[in-house]
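Engineer: Have a look at this one before I ask anything.
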Amino acid sequence: MAPKANTGPGRAQRKGRSEGRTTTKGSGPGGSARLGRYTSPEESGRYTAPIPRTVRRSPRWYGPMVLGLLVLGVLMILLNYLTVLPGAVSVWYLIAGLVLIFGGFILATRYH
């Protein structure tokens, strides 16, 4: 018994024969006006100009500010638990320290 023409691994078709859909130049919803016409990315609105290097750079004070916020937040939490800060151990010092650390992380993600 001979095998079928379209059988193979995964029932794939044999090479060389394609029974797919072919369209002619004038057929289809776009017609011949859209076929073969090249539009540049600028014309089609899909082009985004590169960002200038001056805009991509963070100011010189940005890095030290990120580190300062992180260190200040950790210090505030640590000094709160060592009861060095005025008043008793307070939840507000903990919240302020966490806000400083969170602000440092947010700024660090925008650093260039």
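Coordinate-derived values only; no laboratory data. These figures come from a predicted structure and were not determined experimentally. When we count neighbours, we look across all protein chains shown, and the Cβ atoms used for this are built from the backbone with ideal geometry, even at glycine.
Engineer: Report the rotationally averaged projected area of the stretch 64-112 based on its alpha-carbon convex hull, in square nanometres.
Structural biologist: Values: hull surface 12.5 nm².
Quarter of the Cα hull surface area: 3.1 nm².
Engineer: Something else about it: Label points 7 Å out from Cα along the Cβ direction at Leu72 and Thr39: separation in nm?
Structural biologist: 5.1 nm
Engineer: Between Leu94 and Arg60, what's the calculated FRET efficiency when r is the beta-carbon distance and R0 is 30 Å? Round to 0.05. Show your work: numbers first, answer last.
Structural biologist: Numbers: r = 32 Å, r/R0 = 1.06.
So, using R0 = 30 Å, E works out to roughly 0.40.
Engineer: What percent does the relative contact order of the stretch 57-109 come to when contacts are Cα pairs within less than 8 Å and at least six residues apart? Intermediate results must be reported in sequence, preceding the final value.
Structural biologist: Working: 47 pairs, mean separation 26.0, N = 53.
Rounded, it is 49 percent for the stretch 57-109.
Engineer: If r is the Cβ-Cβ distance from Ala49 to Phe105 and R0 is 35 Å, what FRET efficiency results, to the nearest 0.05?
Structural biologist: Calculated value: 0.70.
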